[in-house]
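A short write-up of the structure that comes next.
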Amino acid sequence: MSDASATTEDCFRLYAERLQLWRLCRQTSCLRARACRGDPLHCCRRFADWAEAVKAEAERERDANDPAAEALRAELGRRLSRLALAMRNEP
């Protein structure tokens with residue numbers, strides 16, 4: 001596939017592949033295939049939205065008692081643990 005013939009979906013599928021978004025996906029078909037089997041644009045947008053939320057909360061985190069920041073840190077920890085476990089189990 002040449003760069004000129006690449007569609008938007010092809011580009012986002014490549015991004016999803018490079019970022020290994022399937023590791024964070026809730027769809028069992030993506031987890032089984034170890035690849036994006038859904039709409040890569042949707043997955044990349046969801047990941048980008050989540051990353052922006054992490055960034056925004058990190059900027060607001062000056063107040064250590066912020067429950068929203070605590071919840072986001074906990075979610076980040078769960079996702080990173082899942083990613084680390086998946087990477088250790090990969091052949």
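The values are calculated or read from the model by the stated rules, or taken from the named source; none is laboratory data. This one's a predicted model, so the numbers in the text were calculated from it and none came from an experiment. A quick note on method: Cβ atoms are made from the backbone with ideal geometry, for glycine too, and the neighbour counts reach across all protein chains shown.
Please specify each residue of region 17-37 satisfying the condition of being surrounded by fewer than 14 Cβ atoms within 10 Å (Cβ to Cβ) and modelled with pLDDT under 85. Reasoning before the result, please.
We begin by selecting, within region 17-37, every residue surrounded by fewer than 14 Cβ atoms within 10 Å (Cβ to Cβ); these are 18, 26-29, 32-34.
Scanning region 17-37 gives a single hit, 26.
Conditions tested, residue by residue: (1) touching an Asp or Glu at 6+ places or on another chain (Cβ under 9 Å); (2) β-branched (Val, Ile, Thr).
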{"position": "5", "(1), (2)": "no, no"}
{"position": "9", "(1), (2)": "yes, no"}
{"position": "14", "(1), (2)": "no, no"}
{"position": "21", "(1), (2)": "no, no"}
{"position": "28", "(1), (2)": "no, yes"}
{"position": "34", "(1), (2)": "yes, no"}
{"position": "41", "(1), (2)": "yes, no"}
{"position": "48", "(1), (2)": "no, no"}
{"position": "51", "(1), (2)": "no, no"}
